[in-house]
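Below: one structure, written as structure tokens.
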Amino acid sequence: MSGPTGRPRLLFVSPRFLFPMDQGGKIRTGNILRGMWGGAFEVTLASPAPRDFQRFAADLSATCDHFTSWPERAPTRIGRVLSLASNVPVAVASDRSAAGSACIHRALEDKPDVVVADFPHAGALVRDRIDAASLLFTHNVEAEIFERQAARATGIWRLVWANQSRKMARFERDTLHRFDTVIAVSKRDANVLSKRYCLAQVEEIDTGVDLEFFDIAPLGEAPDPGPDGGTLVFTATMNWQPNVDGIHFLLDEVWPTLTAARPGVRAVIIGRNPPASLSDKVKARGLNVTLTGFVDDIRPYVARSHVYVIPLFVGSGTRIKVFEAMAMGRPVISTSLGIEGLDVTDGEHFLRADNAEAFSRGILSLLDDATLRDRITRAARRLVEERFSWRSVSAQFEAICLNTLERRRAAEKC
């Protein structure tokens, strides 16, 4: 049923309020919806909302035609502990909400033409039967994250992560099968999801970047590192354990080699809520490392850096931060996991490093060789300009929604 605009109506269910867009999933979803605004669909966004959500009215009006919500509820530590006994993983149990389910039930009674659930977690808010073309937007292979955590954990934590991974695999499988189409964020994820869960319809979209916002930073913003200096930068949500573990790896296993060769090297770690384990380590060792906490704008920090580091060993999906760094003209060195799912080439668009020795060697080569830095940054910026704007990614997403709607309508005629 078309809305007042004459366009088919799309209900987009998110388990997170999208603003500010300060996390990878929110950045991806928010930019896709912005790119779709005014296009083929009349979009209603449904999500939890903080009490002061009206201060984001301009952001919402540029993202959707209508917004419906329920009160945002921050998970508590004791709630998460109690959720360990749930039949679903803690991450899903924390997103369950009676108010949220009631809100989505009312929205579904308006009979939208298309329903999109953002992350499998949103499936916990949507009733089992969806009388509309339905899509589930997966930003990761969720069970894979838990399995990778279990593989690196020790002691009791290995058992906890293994238990959570089994629950997530079961929940992810059952939830994905409830939707007509699954959307993955890379060809690699699409293949994994299709084979792992025997899914009939998995489509892929690219990862994007806002090329105007993350414009190339003048090289003059970062003075020449000289023979013994240089600035590394990393941006992430610093209360997520895989990010924390990655920085511990950088400081424990890579930093000594860097400072031996370049005593003046420094690192700037940008992201909200860095744990005491990192700040205490930096202080106790007197490391030339800055933990900024939350910042309104990462661009000045990236512009003043020489190398963007991604020392990650746990995760899934794709890292938007890779393309943000490339768009700003800063060379990236990353683990295979950090670059996973992105169509980039080692030695041309970035440097790959999967252990401390390779990471140290790669960082030092970038700091020592301005020609290498320039060659990699130019190739990477050219790549994202040609292929990975959010405008093109939004068009891919919209086309998948339209195709799913057409298939649904054709099936109903039979």
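The values are calculated or read from the model by the stated rules, or taken from the named source; none is laboratory data. Please read all numbers here as calculations on a predicted model, not as lab measurements. Positions of Cβ are backbone-derived with ideal geometry, glycine not excepted, and every protein chain shown enters the neighbour counts. For accessibility, only protein heavy atoms count, side chains too; no ligands or nucleic acids. Shrake-Rupley method; radii C 1.70, N 1.55, O 1.52, S 1.80 Å.
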- Could we say that Phe214 is assigned to a strand (DSSP E or B) and not aliphatic (A, V, I, L, M) here? no
- Please find, within segment 404-414, the residue that is farthest from the chain's Cα centre (by Cα) out of those that are at pLDDT 95 or above and surrounded by 16 or more Cβ atoms within 10 Å (Cβ to Cβ). Leu405
- Task: Kindly indicate which of Val268, Val254, Val233 is under 21 Å from the mean Cα position of the chain (by Cα), at pLDDT 95 or above, buried (at least 23 other Cβ atoms within 10 Å of the Cβ) and within 20 Å of Leu351 (Cα to Cα).
- Result: Val233
- Per the list (1) surrounded by fewer than 24 Cβ atoms within 10 Å (Cβ to Cβ); (2) touching a strand residue (DSSP E or B) at 6+ places or on another chain (Cβ under 6 Å), residue check on Gly338 breaks on (1)
- Query: For segment 159-177, what are the residues that are open to solvent by 30 Å² or more (accessible area, probe 1.4 Å) and either under 18 Å from the mean Cα position of the chain (by Cα) or farther than 21 Å from Ser94 by Cα (or both)?
  - Reply: His177
- Whichever residue in segment 126-158 is more than 21 Å from the chain's Cα centre (by Cα) and open to solvent by less than 10 Å² (accessible area, probe 1.4 Å) and, among such residues, is modelled with the lowest pLDDT: Val126
- Note on the structure: Only unsatisfied item for Arg73, checking (1) surrounded by fewer than 20 Cβ atoms within 10 Å (Cβ to Cβ); (2) outside any strand (DSSP E or B); (3) in contact with a helix residue (DSSP H, G or I) (Cβ under 7 Å, 6 or more places away or on another chain), is (3)
- Take Ile333 and decide whether it is of a type outside the set (Asp, Glu) and within 13 Å of Thr207 (Cα to Cα). no
- When segment 1-57 is examined, which residues are found to be aromatic (Phe, Trp, Tyr), within 19 Å of Gly208 (Cβ to Cβ) and surrounded by fewer than 21 Cβ atoms within 10 Å (Cβ to Cβ)? Phe19, Trp37
- Taking strands (runs of 3 or more DSSP E) that do not extend beyond segment 240-351, which have at least 3 residues that are at negative phi and not hydroxyl-bearing (Ser, Thr, Tyr)? 266-270, 307-310
- Task: Output the number of the condition that Phe397 fails; it satisfies all remaining conditions of (1) at pLDDT 95 or above; (2) open to solvent by 20 Å² or more (accessible area, probe 1.4 Å); (3) not hydroxyl-bearing (Ser, Thr, Tyr).
- Result: (2)
- When restricted to Ala222, Ala217, Ala261, Ala200, the only residue surrounded by fewer than 21 Cβ atoms within 10 Å (Cβ to Cβ) and in contact with a His (Cβ under 7 Å, 6 or more places away or on another chain) is Ala222
